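A.B. asks: Dropping a structure here in structure tokens format, bear with me for questions.
None of the figures in this text is laboratory data; all of them are computed from the coordinates on show. Bear in mind that the values here come from a model prediction, so they are computed numbers and not experimental data. Note that we place each Cβ from the backbone using ideal geometry, even for glycine, and neighbour counts take in every protein chain shown.
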Amino acid sequence: MMSSAVPARRSILVAVTIVAASLLGACTTRSVPPVPRVAIRHSWARIADSGATSGAYMEIDNNDTVPITLVGASSPDAGAAEVHETMQQDGMAHMMPRTELRIPAGDVVTLAPGGLHVMLVDVRRTLAVGDSLRITLRFSDSTSVVVPVPVRAP
């Protein structure tokens with residue numbers, strides 16, 4: 001004849017095993033941070049004297065499924081920050097302001113010397129190698145991204 005204690009022990013053992021497995025699973029599961037809609041990589045700015053003009057460069061990565069449009073920039077370290085594009089015309093380089101910069105869905109736009117860049121006008125302090133500044137990028141959907149920008153020699 002079997003004791004009623006054996007099935008009760010089995011039930012308790014099964015319950016303890018289920019609880020332990022659940023706790024172990026919870027401890028080993030890592031939460032993955034969400035991918036930002038707009039990611040900025042490889043930012044840097046040129047050295048400049050106070051009162052001078054500098055350029056800032058970066059990659060703007062649109063991780064969204066819809067295009068985004070960069071409509072402006074600002075920096076507490078400059079009198080003005082404007083998106084410009086360097087273009088060749090009649091063998092001469094000319095910089096033209098860009099009021100909008102469309103970034104297709106899932107694409108990366110590179111701001112680099114000799115092309116698109118953020119022009120920093122009337123820099124408020126000397127920018128030396130090793131310094132950094134902040135640039136805020138504004139997009140047409142009212143999103144703003146503050147970008148830390150290290151200063152380096154070209």
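A.B. asks: How many nm is it between the label spots at THR143 and THR86, if each spot is 7 Å from the Cα in line with the beta carbon?
C.D. replies: 2.9 nm
A.B. asks: Quote to one decimal, in nm, the extra length available between ARG37 and ALA153 on full extension: 0.36 nm per residue of separation minus the C-alpha distance between them. Don't jump to the answer; show the numbers that get you there.
C.D. replies: On the way: separation 116, 0.36 × 116 = 41.76 nm, distance 3.01 nm.
The ARG37-ALA153 span can extend by a further 38.7 nm.
A.B. asks: Here is a follow-up. Name the GluC sites (Glu not before Pro) in the range 71-149 that are in a loop by DSSP and that have at most 11 other C-beta atoms within 10 Å, would you?
C.D. replies: On the way: sites: GLU82, GLU85, GLU100; in loops: GLU100.
Taking the range 71-149 and a limit of 11 other Cβ atoms within 10 Å, the loop GluC sites (Glu not before Pro) found are GLU100.
A.B. asks: What are the ³J(HN,Hα) couplings of the range 78-83, residue after residue, when phi is run through the Karplus curve with 6.51, -1.76, 1.60 and θ = phi - 60°? Round to Hz, x for glycine and proline.
C.D. replies: In residue order, the calculated couplings are 8, x, 8, 9, 10, 7 Hz.
A.B. asks: Apply 1/(1 + (r/R0)^6) to the Cβ-Cβ distance of ALA128 and THR65, taking R0 = 41 Å, and write down the FRET efficiency to the nearest 0.05.
C.D. replies: Result of the calculation: an efficiency of 0.50.
A.B. asks: Taking amide H atoms as placed 1.01 Å from N in the peptide plane, list the residues 5 or more away in sequence, or in a different chain, whose amide H sits under 5 Å from that of ARG124.
C.D. replies: Amide H neighbours of ARG124, under 5 Å, 5+ apart: GLY51, ALA78, GLY79.
A.B. asks: Continuing with this model, one more query. Mind running the shape call on the range 45-145? Use the C-alpha gyration tensor, a ≥ b ≥ c as the square roots of the eigenvalues: rounded below 1.5 for a/c, prolate if a/b tops b/c, oblate otherwise. If you can, show how the numbers build up before the last one.
C.D. replies: Working: a/c = 2.00, a/b = 1.32, b/c = 1.52.
Taking the square roots of the gyration eigenvalues as a ≥ b ≥ c, the range 45-145 is oblate.
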